[in-house]
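Report on the structure given below.
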Amino acid sequence: MDKEVLKKSLIGGEFLINDIDSDSIFTIDDFNEEQRMMVEACEDFIKRDVDPVRDKVDDLEDGLMVSLLEKAGELGLLGICVPSQYGGLDMSFNTSMLIADIVGSTGSFSTAYGAHTAIATLPILYYGTEDQKSKYLPKLVSGEWKGAYCLSEPDSGSDANAAKTRAKLSSDKKHYLINGQKMWITNGGISDLYIVFAKIDDDKNLSAFIVEKSFGGITMNDEEKKLGIKGSSTRQIFFNDCKVPIDNLLSERENGFKIALNVLNIGRIKLGAGVLGGCRGIIDHVITYSNERVQFGHPISSFGAIKNKIAQMICKTYACEALSYRAGQDIDNKVLELMDNGLSKSKAEVNALDQFAIECAIAKVFGSEILDYVVDEGVQIYGGMGFSEEAPMARAYRDARISRIYEGTSEINRMLLVGMILKRAAKGELDITSSALSVSEELLSVPTLDNGDDGSIFSEYHQVIKNLKKATLMVLGKAALHFKDKISDEQEILMNIADMIINLYAAESVLLRSEKIIKKYNKDENSIYFDITKSFLYDTCVIVSNSGKECLNNFVSSDELNMMIIGLRRFTKINPINIKDTRRRIADKVISAGEYNIFNIL
């Protein structure tokens, strides 16, 4: 494996084949004073305006969500990375991730906010003409207008390009007449503007349109009655000869499918960050409740089983923070590099997001699934009270479930991320082939006694990460060689490999984050960060081993299978860890602090 130390990832997926230095990654602790002030303003807004009306929001009280979005606009929260010439704050992409993180604790409002600021606003910023940007962005950024994104249809969910909505040029050639049906449209009932995807005539690919509600020809069904996020408006929308000026075609004809995919990359990575506020909120509730709830004469926070749950909630949340902001900064770094090469900021952001689409998919899958884990354990720790609407768990449990579905299901994202890696390998952008070949050759060689120990407390775990990369490359390379161009039909295989990649990226992010913090604050092996790293890598080795074994068992046989299983065992080995005491120390540290604080160093 290449021993080159990278200052930043130049292409998405490169973490699989290169070693990354902890000094080169971004952590939450690196946000500056201005960004932290934005967090404080956002938290104050949530405490003052959102939290007190959550029940009313869930009841869809008329005008309430609209007023909350308008208040967010007044604070500048709707235009974090929109240029100042359009009324935005012109801050970094990672700053918008940070605000999505904080807003993530608000459930229904978070969904409405995310749809408005990301998938409704950014298509215009990234693909609009100057006239379109000047006309629409200031209204969206201020909150005067609310936005929605109309892609899904009854017969085209994950297969977006199969949409049946059609646009036809009017006889005077001044308008497109749009006809069709869209469903699951977040903010559908409160929006003034829609980004609508339709095929012009018999085009193969979608085109995108900026559609004002005032254009007419738009009708809606009643609000959907949903399992969770009840307070976000979700409607079916019907377009009946909706008359859209030709100037409102977004980008070029048939470029809509590309726009849709690139915008979904934004939604995916922001969802990875957007679950974090909810995870931390649940952890804080659980700590308070477990300290107050007394059973058998002791607070339940003193029980080992409860500490084990709390520790794993902490480790998974910490990992999601690490990978989300690492990937967010990689995107920002790429934006700056592309701008230095002459691209405009909006084009640079589109290209950077496409470059790191693999990491966007990883953030979406990992984040949505750890949120489900955290809220489920939260309900369990609350016990019977967790099942009561009077406790804070019930709403959180319902609201969390959608995260594994929207912005592309977790299954679709798993298959997409492996597919993207293989495509980049085929183009020569990622040298997966020679890296996998080198691992195969290592399998046939005598194991070396050199463990790469450089004397640091993390040396052993850097070697674990290197070996996990070898395990992943071994399985990925073998599957690619075996199935060739038919691998896209082997969905179970793809999902096994995806689980190896996702957990590898999370584990490396945890290690790099902890190492950077410990070096910066002169911590030692008694630090909670060291314990979190040990605990998370311990779990990751188990996951990568099991996923790899299941994958290989499905298509490899006989002596070759035995050899590869031995290799897998070698590459997923980790020295014994007293996981019970490690997790107890993690839980005790946060329980004594009384909260999981985003910035405070524990």
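Read the figures in this text as sums done on the coordinates, not as results from a lab. As the structure is a computational prediction, the values presented were derived from the model and not from experiment. Heads up, the Cβs are rebuilt from the backbone with ideal geometry, glycines too, and the neighbour counts pull from every protein chain shown.
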**Asked** What order, most packed first, do the peptides 20-29, 222-231, 533-542 have when packing is the mean number of other Cβ atoms within 10 Å of each residue?
**Response** 533-542, 20-29, 222-231
**Message:** Please report the spacing between the Cα centers of region 236-306 and region 99-169 in Å, no decimals.
**Reply:** 15 Å
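Please work out whether region 393-543 counts as rounded, prolate or oblate from its C-alpha gyration tensor, where a ≥ b ≥ c are the square roots of the eigenvalues and a/c under 1.5 means rounded, while otherwise a/b larger than b/c means prolate and anything else oblate?
It is oblate, given that a/c is not under 1.5 and a/b is not larger than b/c.
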**Asked** At a Förster distance of 22 Å, what's the computed FRET efficiency of residue 34 paired with residue 134, Cβ-Cβ distance as r, to 0.05?
**Response** 0.25
**Item:** Per-peptide average of other Cβ atoms within 10 Å, ordering 234-246, 547-559 highest first
**Value:** 234-246, 547-559
**Asked** If you average the sequence gap of Cα pairs under 8 Å that are 6 or more apart and divide by the length of region 534-602, what percent do you get for the contact order?
**Response** 38 percent
**Message:** Testing the spin-label approximation: label points 7 Å from Cα along Cα→Cβ at residue 553 and residue 423. State their distance in nm.
**Reply:** 3.2 nm
**Asked** Say R0 is 41 Å: what FRET efficiency, to the nearest 0.05, do residue 205 and residue 599 get from their beta-carbon distance?
**Response** 0.35
**Item:** Proximal lysines to residue 56, defined as alpha-carbon separation beneath 30 angstrom and excluding residues fewer than eight positions away on the same chain
**Value:** 47, 71, 139, 146, 182, 213, 225, 226, 230, 270, 364
**Using a Förster distance of 22 Å, the FRET efficiency for residue 219-residue 171 (Cβ separation, nearest 0.05)** = 0.40
**Total formal charge among the other residues, if their Cβ is under 10 angstrom from that of residue 268, Lys/Arg +1 and Asp/Glu -1** = 0
**Asked** Given labels modelled 7 Å from the Cα in the Cβ direction, how far is it in nm from residue 492 to residue 255?
**Response** 4.3 nm
**Item:** Relative packing of 479-491, 507-519, 96-108, which averages over residues the other C-beta atoms within 10 Å, highest first
**Value:** 96-108, 507-519, 479-491
**Fill in**
The local net charge around residue 550, scoring Lys/Arg +1 and Asp/Glu -1 for residues other than residue 550 whose Cβ lies under 11 Å from its Cβ, equals -1
**Asked** Which of the GluC sites (Glu not before Pro) across region 118-215 are loop residues per DSSP, with 16 or fewer other Cβ within 10 Å?
**Response** 144
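Which whole-number percent is the relative contact order of the chain (Cα, under 8 Å, 6+ apart)? Show your work: numbers first, answer last.
On the way: 1016 pairs, mean separation 86.6, N = 602.
Computed over the chain, the figure is 14 percent.
Before anything else, pin down the relative contact order of region 29-146: Cα pairs under 8 Å, at least 6 apart, normalised by residue count, whole percent.
30 percent
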**Request:** Note down, for region 361-473, the three equivalent ellipsoid semi-axes (square root of 5 times each alpha carbon gyration tensor eigenvalue), biggest first, whole angstrom.
**Result:** 40, 23, 10
**Item:** Label point distance in nm, residue 390-residue 60, each placed 7 Å from Cα along Cα→Cβ
**Value:** 2.9 nm
